[in-house]
Amino acid sequence: MPLYEYECITCRQSVEDSLRKLREKANSETASTLVEKYENIYFIEVADLNKKRVLAKHGKRDKNGIDLDFYIDERTKRVVFNIRNYRFAELIFDKEDENNLKCPRCGAKQVERVISSFAYTHDLSTNMPKPDLSNLPPEVRAKTFIGDYIEEKDRPKKNR
């Protein structure tokens, strides 16, 4: 009975679409429109890092929301979203359970299994599971190497 992590594609898409719109025009009007359009986005802030000033800000941060930050325009602008988390974990007993999953926040059935951060950081005293590379294109897979070396800082103290 493994515990898997999933992301809601619909909720994630709203953030990706918003980021695309802000790349086109990063102003208060765009931020306001996006916060009103998508119910999973509570707050947006766009800051110009070169001029050290806020270009746009709209909405109210939710204490239960999570902050995601992105950089646009060749890393000269920082966009912060305060959103409802679209990543969730589920216990899966059999393959049929995975087919019936839906987002606990919006109810959408479009979910995607993602690599669990918990699985990679839970217990460093055991061998870490390696990601499945079979779904990568052959030209990418050929250039991808995952070795067994663990940096000194990441080794458990009892094995140093």
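Return the long-range amide H neighbours of Ala56 (sequence gap of 5 or more, or a different chain), with a cut-off of under 5 Å between placed amide H atoms.
Counting only residues 5 or more places away or on other chains, the set is Val46.
With 10 angstrom as the radius, rank Glu29, Glu152 by how many other C-beta atoms surround their C-beta, starting from the fewest.
Numbers: Glu29 10, Glu152 6.
Final ranking by Cβ density, sparse to dense: Glu152, Glu29.
Is there a pair in Lys25/Lys57; Lys37/Lys109; Lys25/Lys63; Lys57/Lys109 whose C-alpha atoms are over 22 Å apart, and which pairs would that be? Please list the in-between numbers first.
Details: Lys25/Lys57 13 Å; Lys37/Lys109 20 Å; Lys25/Lys63 28 Å; Lys57/Lys109 32 Å.
Beyond 22 Å: Lys25/Lys63; Lys57/Lys109.
What is the fewest-to-most order of Ser14, Ser32 by other Cβ atoms lying within 10 Å of their Cβ?
Fewest-to-most ranking of Ser14, Ser32: Ser32, Ser14.
Provide Lys153, Lys77, Lys60 in ascending order of the number of other Cβ atoms located within 10 Å of each residue's Cβ, fewest first.
Details: Lys153 6, Lys77 20, Lys60 9.
Least to most surrounded, the residues fall as Lys153, Lys60, Lys77.
Work out the charge dipole of region 1-122 with +1 on the Cβ of Lys and Arg and -1 on the Cβ of Asp and Glu about the Cα centre, then indicate which of Gln13, Leu68, Asn50 is farthest towards its positive end.
Of the candidates, Asn50 comes out farthest on the positive side.
Only the coordinates and a few stated rules stand behind these numbers; no lab work does. Just so it is clear, the structure is predicted and the values come from calculations on it, not from any experiment. Quick reminder, even Gly has a Cβ in these numbers, built from the backbone with ideal geometry, and neighbours come from all protein chains shown.
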